[in-house]
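K.L.:
One structure, as structure tokens, below. Some questions next.
Nothing in this text is a laboratory measurement; each read-out follows from the coordinates by a stated rule. Worth saying up front: this structure is predicted, and the values here are computed from it rather than measured.
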Amino acid sequence: MTRPGIVLRVRLVSGDSMDVTYDDPEAASEAEAIDQLTLILASDSGVLRCRHGDRLLLLYARGVAAVEVAPRGAVL
């Protein structure tokens, strides 16, 4: 059984925002996945691999201003 990804609302440095899905298959819980996400984005060369709808998206840490774990019902 696969666990569904975490939906994140990402605000970019430009002011735009988007909803993406992040999935860490190695994380045992949502909290562990969020911790891993934080470590990736906190690093200088961090790149987050996520999905926006059916598209693969590489999100570079230096372009992210804020990340919010979105409540249910985010539009992808």
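K.L.:
Quick check: convex hull over the Cα atoms of the range 6-69, volume per residue in Å³, rounded to an integer? Don't jump to the answer; show the numbers that get you there.
P.N.:
Values: hull volume 4.9 nm³, N = 64.
About 77 Å³ per residue, rounded to a whole number.
K.L.:
Next question, about the same structure. Compute the length gained on full extension between Glu26 and Val47: take 0.36 nm times their separation in residues and subtract their Cα-Cα distance, giving the result in nm to one decimal.
P.N.:
Between Glu26 and Val47, full extension yields an extra 5.9 nm.
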